[in-house]
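Structure record follows, encoded as structure tokens.
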Amino acid sequence: QLIEEAAASHGLTMKLYRAFHRGQGFNLKLFRGGEPLGLSASLPILENMGVQVRDEHPYLVERNGETVWISDFGLELGAHAEAMQDEAVQKNFQTLLARVFARDVENDGFNRLALVAGLDWHEITLVRALAKYLRQGGLTFSQAYIENCVAHYPQITRRLVKLFAARLHPSAFDDAAAANLQAELKDLLNDVANLDEDRILNGFLQVIL
């Protein structure tokens, strides 16, 4: 089915699956109609999403006059191996990956938040937008430093995203939930020892408030 979809659209389809020979490990198959993706295009995107490529096996399928290239990547998940066991995380990971390849979403280190914090592509786009707003407003840290900061504190990042929705969603705002999230964030931020990281995370909070 995925081969047929890729051949018909000359686009990209994918399948994230557990490789039997690797126990709980995961492989990712990318199907591309017409021409191969190439490692130079694929590796930076996957690395920005928090995974390393252990190996890659390319295949060529010709069917009914159509050509489909398959790249089968063995993924090294490291500390994210447990998170990837969650089906919701798997779905978010693949949806985000497809949007990055389609250039609907930027290819940067914020995309790690799909695995690190369990965020979907909409929520990651929100975090990215807030970070860029803070930098335009005078926050002096590099984007890479901010990416590492929000990934290092996934519990805080998740609550910041939830607080944004609870305060600012046009129809589904929830003042009581927002108050509870603010209280939780206050406790969590008190435990951030690094002053630079505390400044970044409090910057996110102040923008949302």
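Remarks
- Spatially, region 105-175 and region 29-70 are offset by 29 Å when compared through their Cα centroids.
- The distance between label points at residue 17 and residue 186 comes to 5.2 nm (points 7 Å beyond Cα on the Cα→Cβ vector).
- Carbon/sulfur fraction of accessible area - the chain, other protein chains in place, 1.4 Å, %: 50 percent
- Cα Rg over Rh - region 86-208, Kirkwood: 0.96
- Taken along the Cα-to-beta-carbon direction at a fixed 7 Å, the label points for residue 66 and residue 194 span 4.7 nm.
- Coordinate range along principal axes, alpha carbons of region 119-186, Å, largest first: 34, 24, 22
- Top of 42, 142, 71 by mean-square fluctuation, Gaussian network on the chain, Cα under 10 Å: 142
- Candidates 161, 192, 150: whichever shows maximal mean-square fluctuation once the chain is modelled as a Gaussian network with Cα springs under 10 Å: 192
- Of the GluC sites (Glu not before Pro) found in region 60-101, those that fall in a DSSP loop while having at most 12 other beta-carbon atoms within 10 Å are 82.
- Extension gain, residue 142 to residue 55: 0.36 nm times the residue separation minus the Cα-Cα distance gives 28.2 nm.
- Contour minus Cα-Cα distance for residue 79 and residue 174 (0.36 nm per residue): 30.8 nm
- Accessible solvent surface per residue of region 68-209, calculated while the other protein chains remain in place, 1.4 angstrom probe, Å²: 51 Å²
- Rounded accessible area per residue of region 1-54, 1.4 Å, Å²: 53 Å²
- Per-selection Rg to Rh, the chain - Cα, Kirkwood hydrodynamic radius: 1.04
The values are calculated or read from the model by the stated rules, or taken from the named source; none is laboratory data. Keep in mind the model is a prediction, meaning the values are calculated, not measured. A quick note on method: Cβ atoms are made from the backbone with ideal geometry, for glycine too, and the neighbour counts reach across all protein chains shown. Keep in mind that these areas ignore ligands, DNA and RNA; they rest on the heavy atoms of the full protein, side chains included. Shrake-Rupley method; radii C 1.70, N 1.55, O 1.52, S 1.80 Å.
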